[in-house]
Amino acid sequence: MMRETWQRLKSDPYGLSGLIVVSVFFLIASCVWSGLLGQGWYEVSGTRWEGISAEHWFGTNLIGQDILQRTLFGTATAFEVGLTVTICSTLLGTVMGALSGWYNHSWLDEIILWLKGVLDAIPFYLFAAAVAFALQGSPWAMHVAMIVTFWTTTARIIRGEVIRIKQRGFIEAARAIGLPGLKTVFRHVLPNTFHLLLVQASIVFVAAINTEVILSFLGLGIQDGVSWGLMLAESSQEVLAGHFGNFLAAGTALFLLLMGFNLLADALQDALDSRRIVR
């Protein structure tokens, strides 16, 4: 099935373009993590607001830091946030949704649905501010706020799919031979939701990066390091002075990565849409 999915993805020019864009950005992030790129993001290597030159390809910011170095390091920050939030919220949402769907109409299902309703009703940015205050400026406050709220959509999707799948014949057969309920869920039901999880994870990744930029712009995001959101926050003052280096570099990088992921997510959804339970 994975080979068929890959063949469909390759035949979609938009999806393939998105995959290439995401792969390029991930390669840049990997080079930053390995110390090959972006390590001089904090160094004052020039004068204030230098223009584009051979030494500073995107110019410098207000205090003379190289904008290209900061943009490259911001790529790694975006992937760190995106991967952390996506993995944690997807795992949490999968477990909660599976339990809710398997034991639907039970007290456990009611508690999980109530919890999802409460979290969905709280304005996210007020919740993020409350978490940041509660954690006393911890660099993980933003991650915690996103994980606690982003899992609900995944749980809702998985709950509905589990309720549908557990009516299938192979699940009835597993019950008939006495296979324990939780083992049935994790061994036979959840593997058949992988196509939904893959698409949802790509959507969560985009949302996490976008949210990090907004929170960092508001001063509730990245505390140590640099991100595209912090660069855009800096540019709000620089643009008024006629300097657009930070704004163009961070804005263009953000646009390309989010566009690439959106194209890839749409292509994955189309490629996996024809998958059916074959057990």
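Nothing in this text is a laboratory measurement; each read-out follows from the coordinates by a stated rule. As the structure is a computational prediction, the values presented were derived from the model and not from experiment. No Cβ is skipped: glycine too gets one built from the backbone with ideal geometry, and neighbour counts run over all protein chains shown.
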Rounded to whole Å, give me the distance from the Cα center of the range 52-126 to that of the range 183-226. 5 Å
Any chance you could run the full-extension gain for Glu4 through Ser106? It's 0.36 nm times the residue separation minus the Cα-Cα distance, nm to one decimal. 32.9 nm
Cross-link reach from Lys166 to lysines, straight Cα distance under 23 Å and at least 8 residues apart if same chain, gives Lys116, Lys183
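Of all the C-alpha pairs in the range 1-143, what % are more than 18 Å from each other?
Counting every Cα pair in the range 1-143, those more than 18 Å apart make up 75 percent.
Assign one of three labels to the range 36-85, namely rounded, prolate or oblate, based on the Cα gyration tensor with a ≥ b ≥ c the square roots of its eigenvalues; rounded applies when a/c is under 1.5, prolate when it is not and a/b is larger than b/c, and oblate otherwise.
prolate
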At most 13 other C-beta atoms within 10 Å and a DSSP loop state: those are the exposed GluC sites (Glu not before Pro) I care about. Give me the longest piece of the chain that has none. 56-279
Please report Thr75, Thr184 as a ranked list, fewest other C-beta atoms within 10 angstrom at the top and most at the bottom. Thr184, Thr75
Counting Lys and Arg as +1 and Asp and Glu as -1, each charge on the Cβ, what is the dipole of the range 140-236 about the Cα centre in debye, to the nearest 20? 820 debye
With +1 assigned to the C-beta of every Lys and Arg and -1 to the C-beta of every Asp and Glu, and no other charges, what is the dipole magnitude of the chain about the Cα centre in debye, to the nearest 20? 1460 debye
The range 11-110, relative contact order [Cα under 8 Å, separation at least 6], %: 21 percent
So which trypsin sites (Lys or Arg not before Pro) in the range 1-108 are both in a DSSP loop and have at most 15 other Cβ atoms within 10 Å of their Cβ? Arg48
Taking the chain as a Gaussian network, Cα atoms linked when under 10 Å apart, which of Ser138, Ser34, Ser235 shows the biggest mean-square fluctuation? Ser34
With volume of the Cα convex hull per residue in Å³ defined as stated, name the option among [x] 149; [y] 119; [z] 141 computed from the structure displayed. [x]
Please name whichever of Val239, Leu37, Ser53 sits farthest to the positive end of the charge dipole of the chain, dipole taken about the Cα centre and charges placed at Cβ: Lys and Arg +1, Asp and Glu -1. Leu37
Gyration tensor verdict on the range 154-270 (Cα atoms; rounded if a/c is under 1.5, prolate if a/b is larger than b/c, oblate otherwise): prolate
Mean Cα-pair separation over length for the range 193-273, i.e. relative contact order, pairs under 8 Å, 6 or more apart, %: 32 percent
Reported to two decimal places, what Rg/Rh ratio describes the range 5-60 when computed on Cα atoms with Rh from the Kirkwood expression? 1.22
Taking K and R as +1 and D and E as -1, what net charge do the other residues with C-beta under 9 Å from the C-beta of Ser45 add up to? -3
Length-normalised contact order for the chain - Cα pairs under 8 Å, 6+ apart - percent: 27 percent
Please give the charge dipole size of the range 13-158, origin at the Cα centre, charges +1 on K and R Cβ atoms and -1 on D and E Cβ atoms. Round to the nearest 20 debye. 160 debye
Helix check for the chain. Which DSSP H runs span at least 24 Å along their own axis by Cα, with a mean Kyte-Doolittle hydropathy no less than 0.5? 13-33, 67-102, 141-165, 194-217, 245-272
